[in-house]
Every structure is written in structure tokens, then in C-alpha cells.
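Undergrad: One structure follows; several queries about it will come next.
The values are calculated or read from the model by the stated rules, or taken from the named source; none is laboratory data. Here the structure is a predicted model, which is why all the values come from computation and not from measurement. With ideal geometry, Cβ positions are generated from the backbone for all residues, glycine too; neighbour counts draw on all protein chains shown.
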Amino acid sequence: MTRTVECLSDRLPFVTCDVFTDTAFAGNPLAIVEDADRLSDAAMQIIAREFNLSETIFVRRPVDPAHSASVRIFFPTAEIPFAGHPTIGCAIHLALKSAPLGDFDTVITLEEVAGLVPVRVWRKDGRVAAEFRAPVLPHAVETGQLPDDAAFAAALGLSTAQIGFDTHRPGLWQGGPAFAYAPVCDHDALTAARPNGAAWEALTKATGVNALYIYTKGDGVDLSARMFAPGDGIPEDPATGSASAILAAQLLNAGTLAEGETCLSLLQGADMGRPSRIDLRIVTTGGTLQAVYVSGSAVPISEGHISPPTD
């Protein structure tokens, strides 16, 4: 099969931005492709692979005119129903396109495969930020099994003693996408961790989950984290909004969430040289999750046009 490109007049506008940061060339890079209604699923996958970022989001006309846009989100290898940093980045981009100068506070409503996602976007004192409520409350993974600490340690190239701290133990949780969670004892263990060959493959096979989020107590933030998903084309992710939202179930299971509202700051990507700040707001009632909110900023980086592929 050969692929060609369409004429220049058919090129699609795109922008890139860095999400979960106020600083250019930090955070998690995102590609936003606009006017994507005529793209097939295969074409979107090819473009996502071309950008080769952890995620690319495609913006289309909304099904309901009362909403801001319909969107599709792709890894380099597959489509996903929901992801945090594309949601934040896309909502900020759409808000800035239509926002007046100066401060504002608005809602961008995105039709995602996982469901309707309203995103509050605001600009105050020159800083732009956004917050969304997770469309699916996190809960236990319904398939796969939870391996022992030794299996997590082997998969990360660590010792068994480095897995876990305080009341935090490994877990499997989902909320749209699914993640394995492995708390580690300190920042040295966090920095040393790497997906480790056959042991990594054995862990993902046992859990049925391709992505592993590891975390420990933070320095200047509540928690520091990393996320690996090499099977999805993401050797390491600088910021993972969906995993951060689903982390609420892991924290609840560890018994560390107070009744009512808990606000936490997370640092991810520092070990990659792309520090990302993700803020969580978790609401619990009677020991159960009621709502999870994720917030952060984004910085525009580039813009241009891309010619869509044809078969």
C-alpha cells in the first residue's frame, strides 16, 4: 500500500503546546489537529504516529451545537477514549482562540469517546489554567491479577524492599484507561526505576495493563511520580492526567484521603528533564469517591499545517 498527500489547500491546521506547565519546553507536549471531520480513523492514527508524541488530539465539529467540539485522542499506536493532558491542552487552546483580552472564566465542553467533559478555563493575572472533572470515577481493574511486590520490583529493576511506603501498596485501577500503581520508598528508587525486559513483559501480561505509574513522597509537592507505557509507544510520559485522576482510588485504598475535599500537587516528568505540575482535587463522602478534578496550565509552542494521508 502506498500513501500520498493531498494538495496544499487541503492541509489541516495544527498547533502544539506543552501541558501541565507554565514554562515552554517543559511539561507534556501535545499536538492539536483542527478541522479533522473528514479524517478516517486510519488517517488520524497515521498523523498521531507522525507527530510521535504521547498523545495527539483531533478537533471536529460537535454533535451537539451547544458543545465546543467533538474530539478523538490517539497514542502513536492506538486510540484511547480519554486522556488528561489532551483535554487540558485542547480546552485552553479553544478558549484562547475565542477569549477576549484580559482575564476570563469560561467553560469548554468536549465530546470525548469516554463521555462529555466540561472543562473550566480561566486566565487571571496573565496565567491561563484549566480544570476538568474526571468523566469516570476510578475503580478497581475488572480483569487481570495483582502480582506480589517482588514482581513489581523485578519489572522496575528495583529491590523488593523498595516497593511500598507507609500504607501504600501496589494496586490496579481504571477510570476509562487502566493503570498499575507501584509506590516506591523514596526518590532514589523513583529515579532508578526502569522497565526491565522480560520481567516487565511478565508484569503486563499478569495484570492485563500496559501502563505503570510509580510514585513516592514529594519534595515541595505532595507526591512525585513517573509513568511508563512502552507497549503503547510511550517509553515514559512527562505528565499523565488520566493516571493522576485514577490515582485517587489508589490513595483512597491507602487510607490517606480525608472526608470531604483533599487537594494535592503532583510532580511528574522531572527525571526526563520535563517537569510537570498536576493539581488534584478529590471529593469523598462516607469513605467513597464522589468526584475527582484535575487542573493545570499549558503553553503554546508551534503552529502549522499538515497534509492528511490518503491510501
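Undergrad: Which one of ARG49, ARG127 is surrounded by fewer than 20 Cβ atoms within 10 Å (Cβ to Cβ), more than 17 Å from the chain's Cα centre (by Cα) and modelled with pLDDT of 95 or more?
TA: Working: ARG127 fails: modelled with pLDDT of 95 or more.
So the residue among ARG49, ARG127 that is surrounded by fewer than 20 Cβ atoms within 10 Å (Cβ to Cβ), more than 17 Å from the chain's Cα centre (by Cα) and modelled with pLDDT of 95 or more is ARG49.
Undergrad: Here's another thing I want to ask about it. Show the residue pairs meeting these rules: Cβ distance below 8 Å; 6+ apart or different chains; first residue within the range 147-171 and at positive phi; second residue surrounded by fewer than 17 Cβ atoms within 10 Å (Cβ to Cβ) and basic (Lys, Arg).
TA: Within 8 Å, the pairs are GLY157/ARG194.
Undergrad: Right, here's the next one. Considering only the range 125-167, state which residues are part of a strand (DSSP E or B) and within 30 Å of THR23 (Cβ to Cβ).
TA: Keep residues of the range 125-167 that are part of a strand (DSSP E or B), which gives 127-133, 139-140, 163, 165.
Scanning the range 125-167 gives ARG127, VAL128, ALA129, ALA130, GLU131, PHE132, ARG133, PHE165.
Undergrad: Can we say ARG226 is among the charged types (D, E, K, R), under 16 Å from the mean Cα position of the chain (by Cα) and more than 19 Å from TRP173 (Cα to Cα)?
TA: Values: among the charged types (D, E, K, R): yes; under 16 Å from the mean Cα position of the chain (by Cα): yes; more than 19 Å from TRP173 (Cα to Cα): no.
For ARG226, the condition - among the charged types (D, E, K, R), under 16 Å from the mean Cα position of the chain (by Cα) and more than 19 Å from TRP173 (Cα to Cα) - is not met.
Undergrad: Anything in the range 94-124 that is farther than 20 Å from VAL33 by Cβ and either touching a Lys or Arg at 6+ places or on another chain (Cβ under 6 Å) or at pLDDT 95 or above (or both)? List them, or say none. Before the answer, list the steps.
TA: Filtering the range 94-124 for residues farther than 20 Å from VAL33 by Cβ gives 99-107, 115-116, 118, 120, 122-124.
Passing the criteria: ASP103, PHE104, ASP105, THR106, VAL107, PRO118, ARG120, TRP122, ARG123.
Undergrad: Please enumerate the residues belonging to the range 255-311 that are acidic (Asp, Glu) and outside any helix (DSSP H, G or I).
TA: Restricting attention to the range 255-311, the residues satisfying the condition of being acidic (Asp, Glu) are 259, 261, 271, 279, 303, 311.
Across the range 255-311, the qualifying residues are GLU259, GLU261, ASP279, GLU303, ASP311.
Undergrad: If you check PHE82 against the conditions, is it aromatic (Phe, Trp, Tyr) and at pLDDT below 95? Reasoning before the result, please.
TA: Details: aromatic (Phe, Trp, Tyr): yes; at pLDDT below 95: yes.
For PHE82, the condition - aromatic (Phe, Trp, Tyr) and at pLDDT below 95 - is met.
Residue-wise test of (1) aliphatic (A, V, I, L, M); (2) more than 24 Å from ALA130 (Cα to Cα).
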site: ALA243; (1), (2): yes, no
site: THR262; (1), (2): no, no
site: ASP271; (1), (2): no, yes
site: PRO275; (1), (2): no, no
site: ILE278; (1), (2): yes, no
site: GLY287; (1), (2): no, yes
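For (1) in the same structural domain as VAL113 (by TED's automatic domain parsing); (2) more than 18 Å from SER54 (Cα to Cα); (3) crowded, with 18+ Cβ neighbours inside 10 Å; (4) modelled with pLDDT of 95 or more, each residue gets a yes or a no:
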| site | (1), (2), (3), (4) |
| --- | --- |
| ALA192 | no, yes, no, yes |
| THR204 | no, yes, yes, yes |
| THR216 | no, yes, yes, yes |
| SER242 | no, no, yes, no |
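Undergrad: Scan the range 235-243 and tell me whether some residue there is part of a helix (DSSP H, G or I), under 20 Å from ILE282 (Cβ atoms) and out of contact with any helix residue (DSSP H, G or I) (no Cβ under 6 Å at 6 or more places or on another chain).
TA: Just the residues of the range 235-243 that are part of a helix (DSSP H, G or I), to begin with: 241-243.
The next check asks that each one be under 20 Å from ILE282 (Cβ atoms); those that pass are 241-243.
Then drop every residue that is not out of contact with any helix residue (DSSP H, G or I) (no Cβ under 6 Å at 6 or more places or on another chain), which leaves 243.
Among the residues of the range 235-243, at least one is part of a helix (DSSP H, G or I), under 20 Å from ILE282 (Cβ atoms) and out of contact with any helix residue (DSSP H, G or I) (no Cβ under 6 Å at 6 or more places or on another chain), which makes the answer yes.
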